[in-house]
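The values are calculated or read from the model by the stated rules, or taken from the named source; none is laboratory data. Predicted model only: the values in this text are computed from it and were never measured. Positions of Cβ are backbone-derived with ideal geometry, glycine not excepted, and every protein chain shown enters the neighbour counts.
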Amino acid sequence: MSYPIRAISRDEVGEFYRQMALGFGWDPAEGMAEGFAAFLESERTRCAFDGDDIVGTLATHSLELAVPGGVLATGGTTMVTVRSSHRRRGILRQMMSSHLDEVAGRGEPLAALWASESQIYERFGFGCASELCRIVVERAHSEFAETPEFSGRCRLLTPEEARRQLPAVYEKLWRGRPGHFARSPLWWEARHFSDPPWKREGGSALRFALYERDGEARGYLQYRQQAKSDEANLPRGRLHVVELQAEDAEASAALWHHALGVDLIEMVQAWNRPPDDPLFWLLADPRRARRSQRDALWVRILDLPAALAGRRYAVEGRVTLQVSDALRPDNSGTYVLEGGPEGAECARGGGPPDLELDVADLGAALMGGSRLATLARAGRVRGAPEAVARADRFFAWDPPPWCPEIF
């Protein structure tokens with residue numbers, strides 16, 4: 001059975017939100033729908049209808065996404081649900097196909113998302129392009145290996161000061177780390193400064209710390225505290241790192257030092273840090289920093305020449321790719337990519353391919369984090385060993401990708 005797929009009107013935003021919340025198992029809190037509606041691009045939604053009822057939701061954020069050495073317009077796929085009464089009817093495929101058509105039609109070469117379940121989106125051509133690292137540190141074992149000497153200082157900010165300071169710091173940094181994206185003033189307010197009780201999940205209001213050196217802000221920390229004690233009135237508090245951004249190693253170390261030094265805290269937790277976070281190497285007892293990794297940003301390439309030419313490459317090189325795309329077969333074919341640290345060109349071409357791979361695996365490799373050599377060892381990329389090794393060096397990037405927030 002086919003269901004009508006269309007964008008919602010502004011009058012339907014409330015119903016969209018209720019259906020989306022139902023799909024994710026939320027009980028909407030007071031004020032949540034209004035905050036959600038503030039940054040919803042209703043004209044970019046793609047919803048399934050059964051009569052007048054919304055039975056499937058999908059929305060898109062218009063993003064400017066950092067890729068290695070560049071920035072690409074990207075459709076940020078989000079809020080994807082299907083009502084439980086309408087599962088297994090092809091609704092997700094209908095919505096996703098319409099969504100990808102819309103993204104491609106706007107000239108955005110990429111779509112990207114965070115997956116609620118990691119087995120869902122590969123069938124639609126998305127590949128896992130970045131990972132996150134969850135870190136938990138016992139404060140009693142958080143001493144640095146070397147006594148830190150910082151030439152700047154950390155200071156706490158009021159929410160009003162944070163509104164003035166944090167966006168400017170982020171603006172300096174985001175293009176340098178693949179997976180980051182531009183934040184509008186509306187995004188900053190709705191996602192980072194608005195702090196109603198339902199966002200706190202038992203924690204404090206947001207705290208903000210700024211690291212300054214030579215009169216300039218070099219990084220910031222957003223966090224929450226949870227005050228707890230045991231039956232002996234010993235502190236068992238938690239500190240939850242919401243975001244830590246730093247322009248250099250000193251700022252990163254200073255902000256971690258601040259987080260690990262807050263009184264009455266037993267455990268410091270950060271659910272989303274880059275896999276190359278230096279904290280592990282700063283600690284005197286690094287085993288006490290418990291780390292776990294998982295998938296984060298998934299990327300779908302819609303315009304292969306634009307996407308591949310829109311990034312830079314670690315070394316000069318040329319690679320011929322045979323790409324398969326079952327969902328969008330017009331993308332399938334042979335592409336010749338030539339480039340290096342200063343730029344790249346990509347076009348359809350002929351001749352024997354160096355590598356054969358699916359569009360999902362090319363999306364995984366695009367950001368420089370998922371290595372082609374690893375994908376080849378998993379049987380997902382096919383080519384001669386020397387061709388795989390050359391392409392792996394070509395696509396690799398430092399720093400590795402990291403998306404600092406779910407969208």
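Points to keep in mind about this one:
- In region 261-277, the residues that are closer than 24 Å to residue 294 by Cα and not aromatic (Phe, Trp, Tyr): 267, 268, 269, 270, 272, 273, 274, 275, 276, 277
- Residues located in region 300-345, provided they are in contact with a helix residue (DSSP H, G or I) (Cβ under 8 Å, 6 or more places away or on another chain), of a type in the set (D, E, K, R) and surrounded by fewer than 17 Cβ atoms within 10 Å (Cβ to Cβ): 345
- Residue in region 100-111 that is among the aliphatic types (A, V, I, L, M), modelled with pLDDT of 95 or more and assigned to a strand (DSSP E or B) present: yes
- Condition met for residue 148 (over 22 Å from residue 56 (Cα atoms) and at pLDDT below 95): yes
- Output for region 364-398, where each listed residue is touching an Asp or Glu at 6+ places or on another chain (Cβ under 6 Å) and assigned to a loop (DSSP other than H, G, I, E, B): 371, 380, 383
- Test for residue 40: is it among the aliphatic types (A, V, I, L, M), on the phi < 0 side of the Ramachandran plot and part of a loop (DSSP other than H, G, I, E, B): yes
Table: residues versus (1) closer than 26 Å to residue 119 by Cβ; (2) part of a strand (DSSP E or B); (3) modelled with pLDDT of 95 or more.
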site	(1), (2), (3)
268	no, yes, yes
277	no, no, yes
280	no, no, yes
291	yes, yes, yes
305	no, no, yes
311	no, no, yes
320	no, yes, yes
327	yes, no, yes
334	no, yes, yes
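- Residues that are assigned to a strand (DSSP E or B) and either surrounded by fewer than 17 Cβ atoms within 10 Å (Cβ to Cβ) or under 22 Å from the mean Cα position of the chain (by Cα) (or both) within region 190-211 comprise just one, 208.
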